[in-house]
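Asks: Take a look at this one; I'll ask things after.
Bear in mind these aren't lab numbers, they're just calculated from the coordinates by the rules spelled out. A quick note: this is a predicted structure, and the numbers were derived from the prediction, not measured. In this analysis, Cβ positions are derived from the backbone assuming ideal geometry, glycine residues included, and neighbour counts consider all displayed protein chains.
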Amino acid sequence: MQKKLILLLTLIMVLGAISVTAAQDVKIGFLVKQPEEAWFQDEWRFAEEAADDYGFELVKIGGTDGEKVLSAIDNLASQGAQGFIICTPDVKLGPAIKAKADMNGLKVMSVDDRFVGSDGEPMEEVPHMGISAYDIGQLVGETLVEQMNKRDWDYEEVGYLVMTFDQLPTITERTQGATDVLMENGFPEDQVFESPMQTLDTEGSFNAANFALTKHADFDKWIVAGGNDSSVIGAIRALEGQGFGAENVIGIGINGSNFVVNEFEKEEETGFYASVKLSARRHGYETAELMYKWIKNGEEPPKVTWTTGQIMTRDNYKELE
């Protein structure tokens, strides 16, 4: 009886060791286009939580251009990875990324920015988790209208800076959503000033906003929208440089990143009024979890999952962190 018990315990330990080894043998890449951005660092952090919970290895890679992305895919394959999640630096790279993944026998899932095929349409064969960009933009527009009305602003005295970055359809959809809501609420079309950014960061926004403000110096009040937090904060800094403060500026970003927390924790309010807080946890943890289950159990992720957000201000940011 004792020998049988020992054998049974030994078998359980062996099976447990095999199970742990099998989980650890799963290796998943997570590629992001701007590794220095707080949003992507949050995605990585939550993906690491999934790796800890499920016992797989996560490989974090910054893929800032097409060459680096394709090289990274080869590198992942050589490391023994079975799949990867990616926010591509260019959605038009989709066919090349999918082909490279297939060639290396890797599963691929996109996050944030959806692959676009050679026909200009979304690549529906690649599972995707993204943000309902247009709806998020509409929420920005609705909040801008709400705040202008609350402050009893005359629309004729307000300039609207739209910090654009047309290289990414997601960003375009966000800014278009905000602008459409403003137009529907009677905001003058000739007071909408699109400010194309060369780079999707604070510096790129600062430079683009300064150029627009120099051309349109006859407004006493400004509202600002952009595709992320950095694009709005850069414009706020440019407005501050020209003497505009919280009393005559309303800027609303998107993401709810650490940049926003820093802004809200300043002793004096700035023109950055709010951000749409998005779920980096879902985009990091859930995509990694879905990829793991796809590799481990053959459970293919949903073809598309859309996430939403909520308004984050100086008053409620601690509750939403």
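Asks: Cα-based Rg (one decimal) and Dmax (whole number) for segment 133-277, in Å?
Replies: 13.3, 36
Asks: With both bridge residues required to lie in the chain, what share of the DSSP beta bridges run antiparallel, to the nearest 5%?
Replies: Bridges in the chain that DSSP calls antiparallel: roughly 15 percent.
Asks: Let me ask something additional. Once all Cα-Cα distances of the chain are split into 10 Å bins that start at 0, what whole-number percent is in each one?
Replies: 6, 25, 28, 19, 12, 5, 2, 1, 0, 0
Asks: By how many degrees, between 0 and 90 and to the nearest 10, does the Cα long axis of helix 94-103 differ from the longest principal axis of the chain?
Replies: Here the helix axis deviates by roughly 10 degrees.
Asks: Next question. In the structure displayed, which of K33/K303; K92/K293; K68/K293; K68/K303; K150/K221; K221/K277 lie more than 18 Å apart, Cα to Cα?
Replies: In this structure, K33/K303; K92/K293; K68/K293; K68/K303; K221/K277 lie more than 18 Å apart at Cα.
Asks: Can you quote the Å³ per residue value for the convex hull of the Cα atoms in segment 227-287, rounded to an integer?
Replies: Each residue corresponds to 70 Å³ of Cα convex hull volume.
Asks: Gap in Å between the Cα centre of segment 96-167 and the Cα centre of segment 196-224?
Replies: 20 Å
Asks: Next question, about the same structure. For L76, L161, what ranking results if the residue with the fewest other Cβ atoms within 10 Å of its Cβ goes first?
Replies: Least crowded to most crowded, the residues run L76, L161.
Asks: While we're on this one: Please list, or write none, the aspartates and glutamates whose alpha carbon is within less than 13 Å of the alpha carbon of K27, excluding same-chain residues fewer than 8 places away.
Replies: The qualifying aspartates and glutamates are E48, D52, E57, E289.
Asks: Could you tell me the center-to-center distance, by alpha carbons, between segment 33-51 and segment 285-319 in angstrom?
Replies: Rounded to whole Å, the Cα centres lie 12 Å apart.
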